[in-house]
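Report on one structure; see the data block that follows.
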Amino acid sequence: MIGLVDHERVDAELYDDYENEKAREKRLAKEAREQERQAKAIAAGKKVTVPKAGKGRGDTVFYKVSCKDNGKGMPHDDIPNMLGRVLSGTKYGLKQTRGKFGLGAKMALIWSKMSTGLPIEISSAMKGQKFISFCRLDIDIHKNIPNVHVLEKKPNTTGWHGAEIHVTIEGNWTTYRSKVISYMRQMAVITPYAQFLFRYRAGTPEKNVSVQFVRRTDVMPPAPPETKYHPSAVDLLLIKRLIAEKSKQTLIQYLQQDFVSINKSYAERLIGEMGPDFTPKMLVKDLTDQQLVRIHQLFRQAKFDDPDGDCLSPAGEYNLRLGITKELHPDMVATCQGNVQVFEGHPFIVEAAVSLGGKSVKPGLNIFRFANRIPLLFEQGGDVITRTATKRISWSAYKISHLQDKVGVFVSIVSTKIPFKGTGKEYIGDDITEIASGVKSAIQQCCIQLKAKLVRQKAARDKLERKKNLSRYIPDVSRAIYGVLASIANEREAKRQKYEPDSREILHKVADKEVTEVTLSRKLTQYVDQVDAELALDYATQSGLVKAREPISLAGVDWTQANYLELHSPVCVMKLLS
C-alpha cells in the first residue's frame, strides 16, 4: 500500500526530522528549562499552558472515509465510467441539481490517487436486484479513463439497495473537525426528512466521535423535473451542442422543441426576423457558423416570456422550520418562501428563515447559506446573503438587536443555475440585482413576523407586570377603605343623613356586615382585571396588532321571502343573499 507502510530508516540524515548531536543537546536543554518554568508556575498556583508540539512534514495522517446510503444505486456496467471518468455525463437538458461541480466522488478518487495512490472501493445495488456490484478502481488522470482492478457481482442476501464507497485519503481531522460537524448539522437543517449518522474512529476510544441527526418528517420535496433552456440563457457553444444532438430537425422544430417560451407562431416571427437566408423548413445541420451567430444574437435581443418555476423544488417552509427547530431549538422562528423570479433566463426561488435564541448559536448574526439545498461553508464575506443580512437589513426597526441577540439567518436559493463566484463555488456573487432583491425581501418578511411576535410578547410581559403592581396594593387599599366606611357607619343616624342615598345604602350594608374587607378586595381585583384588559386592547390597537372594534348591528332577515344561495362545508353552511 503506497504511502501507508512504515519502513525502517537506513540513512537517517535523509529525513526532515533528523537532528545532529549538537542540535539534540540544544533541544534537550530548552525542554529542561521549560519544565523548570512549569514546575515553578505550578508551585506558585499559576495556570500552566503546555505548548503543542509541531507536526513535521513526515507526520502525515491518512484516513479511510466510508459513505453509505440507501438510495437507488448504480447499474453494474456503468460504475467504472460513473466514478472513473471525469465529465462522463451529458447535459443537454436543464435541471435543478444538488452539488456544485457534479464531480464529488470523482474528486475524492483523484485526491486519493494523488495523496495515497490507493484505489477506491464501491458496492452498489439497485432496488429488487439480487446481487451487489463490487468494484475496485482508480483513474488514469492523463487519459481520463477508469483503471478497473475488480468488477464482480456478490449475492444480495439482505435486499439492500444503495451505494457504499470507501476511499483512503490524506487529511487533518483536528483542524477541520468543526467544519465537518457543521456541514452535517446544516445538512440536517435543510433536509429534516433525511437521517444522518456520522462516526469518527480515532486511535484511542476516548477520542471517538459519534453524532446522529434524526429524521423529523417524511414529507419530502418533489424531485425537480428536467426542463428546456430559455432562449436568453444559452450561449453560442450550447446552441451548437443542441444542434449536434438533433441534426435531423428543421429550424422551426428546433426552436419549438428545444426551448421554452417559443410557440409555433413566435418561432415563425423569429425566423422571419433572422433574414432571407433562413426558412422554417431548413435543416439545422445545414446552418453555417455565421447563421448560428445570428440566431444567438437574436436570442439575446428578442423579448421572451419568463420561464415558470415548475422545474424548481424548494425545501419548503414546513421543512425549513422543522429543521431549524430540530437542530437549534430557538425561542421563536419565522419563515418565508418568495415568489418565482428570473435572472438571465433562469428561474429561482429564495427561501428564508430568521430565528431568535437557541443552542449552539452565538450572540449576533449567525448566517447559514444554502444553494440548491447544499450548505455553503467558506468565503462567506462576499456572499449576497451575508452582505444583505449585515448591511441592508435595519434590524432595530424590527425590535431585534443584531449585536446582542442570538439571531440565526437561514437563506436557501434554488435555481436551474446558481451564479457561483470563484473557483471553489463557495459563494454567490452580490452583483445580480434580482437575487439581492429576493434575498432582502424574504429576510424582511421573516423580520415582520418576528416583530409582531416580539410586540405581543412585550405586551404580555407589560400586562403581567402592570397587573402585579396594581394587585400588590389591593389588600392595603381594601383595608383602608373599609376602615373609613366602618367608622362612618358607626356614627349616629342624623350624621349619615347628609350623604347621598346610594352612599347611605352602602353604609347600611357595612353596618350589617353585608360589605366587608373581603368584598372590597374581590371587587378591586375584578376592576383591576377589567382595566388591565382595556389597556392591553388599546396598546395592541395602537401597535397595529389588532384593528379597532366598532359596534355594528345586523337586521333580521325573513328567510321565507329572501333569495339566497347556500354554500355547504364540513363545518358550517353559509347563506349568501342575492
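The values are calculated or read from the model by the stated rules, or taken from the named source; none is laboratory data. Remember, it's a predicted structure, so these values are computed and weren't measured experimentally. FYI the Cβ positions are ideal-geometry reconstructions off the backbone, even for glycines, and counts take in every protein chain you see. The accessibility values were calculated without ligands, DNA or RNA, using every heavy atom of the protein model including side chains. Shrake-Rupley method; radii C 1.70, N 1.55, O 1.52, S 1.80 Å.
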Under 26 Å from Lys40, Cα to Cα: lysines that are on another chain or at least 8 residues apart = Lys26, Lys30, Lys52
message = Accessible area per residue for segment 305-375 in Å², computed with a 1.4 Å probe and the full protein assembly in place, what is it?
response = 36 Å²
ask   = If ligands, DNA and RNA are left out, what is the accessible area of Cys446 with a 1.4 Å probe, given in Å² to the nearest 10?
value = 0 Å²
message = How large a share of the accessible area of segment 425-466, in percent, is made up of carbon and sulfur atoms when the probe is 1.4 Å and the other protein chains stay in place?
response = 50 percent
Computed lengthening from Glu500 to Met282, 0.36 nm per intervening residue step minus Cα-Cα distance = 67.7 nm
task = For segment 126-187, give the magnitude of the charge dipole about the Cα centre (Cβ charges: +1 Lys/Arg, -1 Asp/Glu; no others), in debye to the nearest 20.
result = 280 debye
request  = Return the carbon/sulfur percentage of the accessible area of segment 112-221, one whole number, probe 1.4 Å, all protein chains in place.
outcome  = 52 percent
query = Placing +1 at every Lys and Arg Cβ and -1 at every Asp and Glu Cβ, with all other atoms neutral, what dipole size does segment 117-272 have around its Cα centre, in debye to the nearest 20?
reply = 280 debye
query = Taking +1 at the Cβ of each Lys and Arg and -1 at the Cβ of each Asp and Glu, which of Ala442, Ala489, Leu454 sits farthest along the dipole of segment 412-512 towards its positive end, judged by Cα position relative to the Cα centre?
reply = Ala489
Coarse-grained scattering of segment 161-248 at q = 0.12 Å⁻¹, given as base-10 log I(q)/I(0) from a Debye sum over alpha-carbon atoms = -0.70
At most 11 other Cβ within 10 Å, DSSP loop - trypsin sites (Lys or Arg not before Pro), segment 265-353 = Lys281, Lys303
ask   = Which of the peptides 349-359, 208-218 is most tightly packed, and how do the rest follow, going by the mean number of other Cβ atoms within 10 Å of each residue?
value = 349-359, 208-218
task = Ignoring everything but the protein chains, give the 1.4 Å probe accessible area of Val10 in square angstrom, nearest 10.
result = 150 Å²
Dipole magnitude of segment 207-250 about its Cα centre (Cβ charges: Lys, Arg +1; Asp, Glu -1), debye to nearest 20 = 120 debye
inquiry  = Using +1 at the C-beta of Lys and Arg and -1 at the C-beta of Asp and Glu, which of Ile169, Pro205, Cys135 has the Cα lying farthest in the positive direction of the dipole of segment 102-212?
reply    = Pro205
task = May I ask you to evaluate 6.51 cos²θ - 1.76 cosθ + 1.60, the Karplus curve with θ = phi - 60°, for each residue of segment 454-465 and list the ³J(HN,Hα) values in order in whole Hz, giving x for glycine and proline?
result = 5, 5, 5, 5, 5, 4, 5, 5, 5, 5, 5, 5
message = For a bin width of 5 Å, list the pair-distance distribution of segment 389-506 built from all Cα-Cα distances, rounded to whole %.
response = 2, 8, 11, 11, 9, 8, 7, 5, 5, 4, 5, 5, 5, 5, 3, 3, 3, 2, 1, 0, 0
message = Let me make sure I get this right: for segment 105-214, a, b and c are the square roots of the gyration tensor eigenvalues over alpha carbons, sorted descending. Under 1.5 in a/c it's rounded, otherwise prolate if a/b > b/c, else oblate. Which is it?
response = oblate
request  = Just grab the label-to-label distance for Lys362 and Ile432, each label 7 Å out from Cα along the Cβ direction, in nm (one decimal).
outcome  = 2.9 nm
remark   = Under a 1.4 Å probe, counting only protein heavy atoms, Thr175 has an accessible area in Å², nearest 10, of 80 Å²
request  = Could you pull out the pairs from Lys95/Lys240; Lys64/Lys179; Lys68/Lys421 whose alpha carbons sit more than 21 Å apart here?
outcome  = Lys68/Lys421
ask   = With the radius of gyration and the Kirkwood radius both derived from the Cα set of segment 338-389, what is their ratio Rg to Rh?
value = 1.00
query = lysines within cross-link reach of Lys463: Cα-Cα under 17 Å, excluding same-chain residues under 8 positions apart?
reply = Lys453
query = Loop-only check: which trypsin sites (Lys or Arg not before Pro) in segment 132-194 are DSSP coil with at most 10 other Cβ within 10 angstrom?
reply = Lys143
task = Would you mind getting the accessible area per residue of segment 104-151, heavy atoms of the protein chains only, 1.4 Å probe, in Å²?
result = 52 Å²
